[in-house]
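The values are calculated or read from the model by the stated rules, or taken from the named source; none is laboratory data. Since the structure is predicted, the reported quantities are computational estimates derived from the model, not experimental observations. Counting neighbours? That spans all protein chains shown, and the Cβs are built from the backbone with ideal geometry, glycine included. The accessibility values were calculated without ligands, DNA or RNA, using every heavy atom of the protein model including side chains. Shrake-Rupley method; radii C 1.70, N 1.55, O 1.52, S 1.80 Å.
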Amino acid sequence: MSRITACLQQLKQQQKKALIPFITAGDPQLDASVPLLHTLAEQGADIIELGIPFSDPMADGPVIQLADERALANGVTTQHVLGMVREFRQTNQHTPIVLMGYLNPIEAFGYQQFAQAAAEAGVDGLIVVDLPPEAAAEPIKLFDAAGLDTIFLIAPTTSDKRIATITATGRGYLYYVSLKGVTGAGHLDIDGVNSKLETIRKTTDLPIAVGFGIKDAETARLIGQNADGVVVGSALVKLIAEFQNDRDTMLSRVAEFTQSLRQGLDQ
Amino acid sequence: MSQNERDFLNTPDELGNFGPYGGRFVSETLMAALDELEEIYHKLSKDPEFQAAFDRDLAHYVGRPSPLYHAERWSRQLGGAQIYLKREDLNHTGAHKVNNTIGQALLAKYTGKRRVIAETGAGQHGVATATVAARLGLDCEVFMGAEDVKRQSLNVYRMKLLGAKVNPVTSGTKTLKDAMNEALRDWVTNVDDTFYIIGTVAGPHPYPMLVRDFQCVIGREARVQCQEHTGRLPDALVACVGGGSNAIGLFHPFLADESVVMYGVEAGGLGLASGQHAAPLCAGRPGVLHGNRTYLMEDGDGQIMHTHSVSAGLDYPGVGPEHSWLKDCGRVNYVAANDAEALDAFRALTRIEGIMPALESSHALAYAAKLAPTMDKDQTIVVNLSGRGDKDILTVAEIDGISL
């Protein structure tokens with residue numbers, strides 16, 4: 001059983017919801033990411049999504065676009081990102097890490113090499129935003145062989161027929177995109193999310209995390225009532241950007257914010 | 001490989017693949033809209049009424065067929081093959097782009113969506129989109145890199161006069177690729193009521209196929225016209241390649257004609273060796289960007305590189321996937337002309353033939369000027385004069401040190 005599946009099963013037994021924060025690797029500095037990962041884990045994150053920066057983040061809103069630009073200006077490479085996970089794993093063996101990004105940096109690394117290097121570094125899962133299941137057959141074989149869970153997105157526009165394809169292909173958990181839009185958009189429709197979750201659950205027992213547009217304890221609580229987990233990205237990355245020049249304050253603000261999300265979810 | 005080895009005549013396959021290129025690499029939210037577009041296009045492309053409406057608009061609104069003009073004086077000066085210019089510059093709005101926007105606007109009308117969006121580099125596709133939107137009474141927003149807004153201010157104002165909203169894009173390199181990112185972000189947000197009119201043969205399936213189909217009118221006409229002029233098919237075709245829509249439009253109807261040699265001319269910028277160019281087919285490698293697998297300009301880590309070209313319309317790090325396949329198949333030769341060569345050709349055609357070409361098309365002319373002297377006087381080259389140069393006057397004046 002993968003670290004992700006074990007984690008989510010345990011939470012389910014405890015009747016708890018997964019808190020899944022997202023940060024961009026190498027933002028605001030290369031050496032900030034490992035301390036941030038530890039802070040998130042210590043303050044209640046169950047799984048962490050770590051973004052591989054890309055020059056053309058088509059599915060992301062302005063907050064994460066700027067984070068990617070900062071990280072790339074810092075010279076971050078895919079090797080660096082794997083190095084961060086390796087370093088994090090020296091003292092944390094229990095928090096699953098999911099790498100999230102776009103296909104081209106992985107393709108440039110080489111699928112086989114990437115799968116192997118990621119697994120060796122201690123990565124548990126992958127979300128590749130622009131890799132739909134129809135095009136994923138070959139990569140998934142390699143990721144499966146390396147013990148990496150390939151996590152797929154489901155959107156409000158996804159047809160029932162596609163939902164069945166995606167749930168049959170997905171591993172670890174499903175990531176439901178709560179709104180039509182880019183990351184960090186602000187028009188969350190809770191009822192719409194709940195009704196779609198109901199539809200998805202008819203086809204699968206995989207846990208479902210919901211992301212896009214969850215920005216505080218209250219939205220986390222509302223979404224957490226029906227989802228198995230919530231993903232919080234832009235709100236966190238925005239906070240990191242705000243205190244990018246003051247490491248201690250940044251880490252303490254991130255800690256406070258993570259605690260507040262945890263409390264929201266545990267209510 | 002999903003297709004028969006080297007089969008470039010029956011592309012794409014049902015998944016949108018041109019050999020190993022093309023496909024549909026987008027975020028999940030857009031998959032339904034692309035499925036819908038594919039279904040609508042599949043139906044309408046076989047519908048005689050739709051085709052008749054398209055042909056009617058091309059004849060009476062765009063002004064087709066565009067002439068095939070024998071550039072006799074320039075050919076004589078170059079001292080080799082006879083150069084014929086396919087005059088897409090004479091189309092309504094001044095470039096080949098309108099062939100495609102007419103077609104996609106008819107698709108948009110069929111879907112009932114009231115809003116269209118587009119990305120643009122030089123502004124020609126933006127103008128062509130704003131034009132069809134005005135005619136059909138659709139809301140129109142155009143995304144344009146902030147860098148391009150500066151260097152193509154005339155086209156920006158043209159779009160505004162036509163009633164379009166022009167959104168300068170300040171992310172990334174502030175050019176065409178970033179405009180396309182932003183258009184995709186808008187589309188994902190407004191997918192229910194918005195039709196995305198992509199301007200080139202790139203993007204996720206079915207765009208590379210349908211844009212090609214709409215642009216093929218160029219090559220179909222040129223095929224007939226060349227035989228009328230010379231009694232036979234051309235010996236060579238030359239077209240500039242940014243995303244590659246004018247080139248595929250000219251080339252595609254000739255792909256089965258083995259005697260016809262084809263040259264796609266990329267933007268060599270300051271020279272391929274300088275790294276400052278926009279020539280992925282000449283100097284890049286395959287990767288995935290903007291929904292399709294194709295040759296890209298990328299660094300070793302898969303990050304998309306900054307491109308450079310004097311022409312905003314060619315300043316793009318990718319290229320349509322069908323071109324990638326035609327390159328690998330060896331059917332089309334992809335070459336580059338640099339900024340200086342393009343500017344020389346711009347001046348030459350203007351002074352010798354009284355035709356001012358777009359800087360994009362000037363890259364094709366620059367290569368034709370090299371090719372012609374290596375061929376016999378009774379041979380024929382057809383060059384796609386994809387757009388007119390009025391929009392580039394300020395750029396050329398600035399290079400000349402003149403402020404207008």
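Of all residues in region A:79-114, which are farther than 30 Å from A:GLN10 by Cβ, part of a helix (DSSP H, G or I) and within 14 Å of another protein chain (Cβ to nearest Cβ)?
Of everything in region A:79-114, those that are farther than 30 Å from A:GLN10 by Cβ, part of a helix (DSSP H, G or I) and within 14 Å of another protein chain (Cβ to nearest Cβ) turn out to be A:GLN79, A:HIS80, A:LEU103, A:ASN104, A:PRO105, A:GLU107, A:ALA108, A:PHE109, A:TYR111, A:GLN113.
If A:SER55 meets every condition in (1) within 12 Å of another protein chain (Cβ to nearest Cβ); (2) touching a Leu at 6+ places or on another chain (Cβ under 9 Å); (3) assigned to a helix (DSSP H, G or I) apart from one, which number is that one?
(3)
Inspect all residues belonging to region B:43-56 and state whether any of them is at pLDDT 95 or above, in contact with an Asp or Glu (Cβ under 8 Å, 6 or more places away or on another chain) and open to solvent by less than 20 Å² (accessible area, probe 1.4 Å).
For region B:43-56, residues at pLDDT 95 or above, in contact with an Asp or Glu (Cβ under 8 Å, 6 or more places away or on another chain) and open to solvent by less than 20 Å² (accessible area, probe 1.4 Å): absent.
State whether one or more residues within region B:92-112 are open to solvent by less than 10 Å² (accessible area, probe 1.4 Å) and part of a loop (DSSP other than H, G, I, E, B).
There is no residue in region B:92-112 that is open to solvent by less than 10 Å² (accessible area, probe 1.4 Å) and part of a loop (DSSP other than H, G, I, E, B).
Hey, B:LYS177 hits all of (1) over 25 Å from B:GLN303 (Cα atoms); (2) assigned to a helix (DSSP H, G or I) but one; which does it fall short on?
Answer for B:LYS177: the failing condition is (1).
From (1) hydrophobic (A, V, I, L, M, F, W, C); (2) within 14 Å of another protein chain (Cβ to nearest Cβ); (3) touching a helix residue (DSSP H, G or I) at 6+ places or on another chain (Cβ under 8 Å), pick out the condition that doesn't hold for A:LEU72.
Among (1) hydrophobic (A, V, I, L, M, F, W, C); (2) within 14 Å of another protein chain (Cβ to nearest Cβ); (3) touching a helix residue (DSSP H, G or I) at 6+ places or on another chain (Cβ under 8 Å), the lone unmet condition for A:LEU72 is (3).
Which is more than 14 Å from chain A (Cβ to nearest Cβ), touching a strand residue (DSSP E or B) at 6+ places or on another chain (Cβ under 7 Å) and of a type in the set (Lys, Arg), of B:LYS150, B:LYS174, B:LYS160?
B:LYS160
Could you name every one of the strands (runs of 3 or more DSSP E) located completely within region B:219-321 that has at least 1 residues being open to solvent by 10 Å² or more (accessible area, probe 1.4 Å), at pLDDT 95 or above and within 30 Å of B:ARG185 (Cα to Cα)?
Answer list for region B:219-321: B:285-289, B:291-296.
On the basis of being part of a helix (DSSP H, G or I) and at pLDDT below 95, does A:LYS161 make the cut?
Here the answer is yes, as A:LYS161 does meet what is asked.
Given the structure, is B:LEU210 under 30 Å from B:MET375 (Cα atoms) and either assigned to a helix (DSSP H, G or I) or open to solvent by 10 Å² or more (accessible area, probe 1.4 Å) (or both)?
no
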